[in-house]
Amino acid sequence: MKRFLAVLLITLCLAFIGYAQTPDYTNFKPVFQEDIFVLNPYVPDPNSQIQKKTQVNPVYALSETSALELAVVLKDYSPVVIHSGPFGWLSRGQFSVTRSVPWLLFPDGSLVNAGLVASYFSHGYPANFIIQSIKQDFKEMTEYTAANPTAYDNIARLP
């Protein structure tokens, strides 16, 4: 029942933002963000107040709408979309990222950057290859989580 309500809620959200049909393995087209940066405190000019920044690979930065669509596509796995930095942290030492990105949290506690999963859909692979690849990745992720129950504790989680 929880899964049904979650999928219904996500489907309604997608309808509200204008998605014409329910996304699935055959029609999901991910959109990645290209405006997320890691800020570097080490500036090239000591007189400059501008922080040097490096663009995050867009594969790590799935758009919010695409993350909701991906959750519908993966409804059999019951993912919940949460937010963290592209690499699991928002700041580390002197470095920080300009904003958070969607991650998928699964019932067993496994976490994965949503963009990494969505990237399977951006290469033109056939649907059956994508399905098999995702199943294998999730199987390995579930086994890892079972063997290492605190493995994802250091991921910064935002609602």
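Here are the numbers for the structure shown:
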{"item": "Condition met for residue 77 (in contact with a Leu (Cβ under 9 Å, 6 or more places away or on another chain), surrounded by 13 or more Cβ atoms within 10 Å (Cβ to Cβ), under 25 Å from residue 129 (Cα atoms) and modelled with pLDDT under 95)", "result": "yes"}
{"item": "Filter pass, residue 78 being within 30 Å of residue 147 (Cα to Cα), touching a helix residue (DSSP H, G or I) at 6+ places or on another chain (Cβ under 9 Å) and touching a residue at least 60 places away in the same chain (Cβ under 8 Å)", "result": "yes"}
{"item": "Any hit, segment 55-70, residues being farther than 21 Å from residue 135 by Cβ, small (Gly, Ala, Ser) and modelled with pLDDT under 90", "result": "no"}
{"item": "Filtered residues of segment 95-128 (kept if of a type in the set (Val, Ile, Thr) and either surrounded by fewer than 16 Cβ atoms within 10 Å (Cβ to Cβ) or more than 14 Å from the chain's Cα centre (by Cα) (or both))", "result": "97, 98"}
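The values are calculated or read from the model by the stated rules, or taken from the named source; none is laboratory data. Here the structure is a predicted model, which means the values were calculated and not measured. Note that each Cβ is placed from the backbone with ideal geometry, even for glycine, and that neighbours are counted across all protein chains shown.
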